[in-house]
Structures are given as C-alpha cells and as structure tokens.
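*Asks:* Once you've had a glance at the structure underneath, I'll fire off some questions.
The values are calculated or read from the model by the stated rules, or taken from the named source; none is laboratory data. Worth saying up front: this structure is predicted, and the values here are computed from it rather than measured. Neighbour counts are summed over all protein chains in view; Cβ atoms, including those assigned to glycine, are modelled from backbone coordinates with ideal geometry. Surface areas here come from the heavy atoms of the whole protein model, side chains and all, with no ligands, DNA or RNA. Shrake-Rupley method; radii C 1.70, N 1.55, O 1.52, S 1.80 Å.
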Amino acid sequence: MTDATTPNGWPQPYRLLDAEPYWEALADERLTFQRCTGCEQAVWPAHSVCPHCGHASLAWERSGGRGTVYSYSTIMRGPTPVWAAVAPYTVGFVELDEGYFLFAQIEGEPEEIAIGRAVSVRFVQRGEQKLPVFAPASGEGD
C-alpha cells in the first residue's frame with residue numbers, strides 16, 4: 001500500500017487479510033471479533049489460528065459494542081493536519097464485554113474520561129472507511 005491517505009487527509013487503516021470480515025462488518029456498522037471454537041476465548045486482533053490454544057478454527061461473532069475504558073491518552077497536538085484540526089482527542093484501549101481489547105478513539109472531554117468508565121460504540125466515516133469510536137455509555141453505572 002503506497003498511499004495510506006485519502007484526498008480529504010484521513011489516514012486509512014492497513015487491512016490484513018485475516019481481518020477482512022471485520023472491515024466488511026464495519027461498513028454495515030457492525031462491530032465483530034473472532035472466538036476460538038476450541039478454547040472459546042475471544043481473539044483480537046484477527047488471526048488464522050487461536051493465539052491462546054493454537055486451534056485452527058475461529059468463528060466471527062458480533063460484539064454488543066459495550067465495554068469499559070482500560071487505558072487512554074489524550075493527544076494535544078495531532079500528528080497530521082487532519083488530526084490537528086480535531087485535537088485534543090483521546091485514544092485508548094477499550095475492554096469489550098466479550099473479553100477482548102480494541103484500540104480506538106474515545107469521545108468526550110478529556111477530564112471526563114477515566115479508567116473503568118462504561119462506553120459504547122458508535123461509527124464514524126473517516127475517509128473511505130467507517131471506524132468504531134467509543135463514547136460514554138448511557139444508562140446505569142455511568
């Protein structure tokens with residue numbers, strides 16, 4: 001892949017073959033992950049064999065898109081003009097209820113984001129690709 005950006009400036013993700021079902025699901029605003037049919041552990045990022053037990057059969061499942069902030073960092077100066085235009089912004093690991101971690105943007109005022117905060121997914125168009133972004137979850141326990 002020689003050009004990792006689109007004309008509007010958003011960098012585009014590198015799409016590994018094992019993760020193609022994930023990217024296709026995002027286009028339909030569905031968050032997916034793999035689960036090993038041997039040990040039943042959630043697997044992310046996508047693999048061709050289970051990193052937990054070595055089993056060769058992994059099935060794709062739909063995630064409910066809810067989890068908690070595991071770690072995060074607020075970026076004050078974006079590395080490219082398009083990111084600089086939206087700074088400050090926060091990125092981090094979200095521990096999904098299904099038992100896997102996803103690195104993504106976390107929306108909200110920096111002082112309101114905290115480890116353990118309940119979040120839920122929404123989808124945003126960035127260049128040619130829809131991506132998951134997490135925002136504070138509404139409802140009990142927030």
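*Asks:* Can you tell me which of (1) open to solvent by 80 Å² or more (accessible area, probe 1.4 Å); (2) under 25 Å from VAL119 (Cα atoms) is the one HIS52 doesn't meet?
*Replies:* That leaves (2) as the condition not met.
*Asks:* Hey, another quick one. Only one of these is touching a helix residue (DSSP H, G or I) at 6+ places or on another chain (Cβ under 6 Å) and either touching a residue at least 24 places away in the same chain (Cβ under 8 Å) or β-branched (Val, Ile, Thr) (or both): THR68, THR74, THR80. Name it.
*Replies:* Numbers: THR68 fails: touching a helix residue (DSSP H, G or I) at 6+ places or on another chain (Cβ under 6 Å); THR80 fails: touching a helix residue (DSSP H, G or I) at 6+ places or on another chain (Cβ under 6 Å).
Among THR68, THR74, THR80, only THR74 is touching a helix residue (DSSP H, G or I) at 6+ places or on another chain (Cβ under 6 Å) and either touching a residue at least 24 places away in the same chain (Cβ under 8 Å) or β-branched (Val, Ile, Thr) (or both).
*Asks:* May I ask you to verify whether ALA104 is surrounded by 12 or more Cβ atoms within 10 Å (Cβ to Cβ) and assigned to a loop (DSSP other than H, G, I, E, B)? Don't jump to the end; show me each part of the working.
*Replies:* Numbers: surrounded by 12 or more Cβ atoms within 10 Å (Cβ to Cβ): yes; assigned to a loop (DSSP other than H, G, I, E, B): no.
No; evaluated as a whole, the condition is false for this residue.
*Asks:* Kindly check whether there is at least one residue in the range 118-137 that is open to solvent by 80 Å² or more (accessible area, probe 1.4 Å) and among the basic types (Lys, Arg). Give the steps one after another, and end with the answer.
*Replies:* First pass over the range 118-137, keeping only residues open to solvent by 80 Å² or more (accessible area, probe 1.4 Å): 122, 125, 128.
With among the basic types (Lys, Arg) added as a condition, the list becomes 122.
Yes - at least one qualifying residue is present in the range 118-137.
*Asks:* Name every residue in the range 25-49 that is on the phi > 0 side of the Ramachandran plot and without any contact (Cβ under 8 Å) to a residue 24 or more places away in the chain, in order of residue number.
*Replies:* The initial filter retains those residues of the range 25-49 that are on the phi > 0 side of the Ramachandran plot, namely 29, 40.
Result: GLU40, single match.
*Asks:* Can you name every one of the strands (runs of 3 or more DSSP E) wholly within the range 8-95 that holds 3 or more residues which are within 14 Å of the chain's Cα centre (by Cα)?
*Replies:* On the way: elements: 32-36, 58-62, 66-75.
Once the strands (runs of 3 or more DSSP E) in the range 8-95 are filtered for at least 3 residues that are within 14 Å of the chain's Cα centre (by Cα), what remains is 32-36, 66-75.
*Asks:* GLY38 passes all but one of (1) closer than 28 Å to ARG117 by Cα; (2) out of contact with any Leu (no Cβ under 6 Å at 6 or more places or on another chain); which number fails?
*Replies:* (1)
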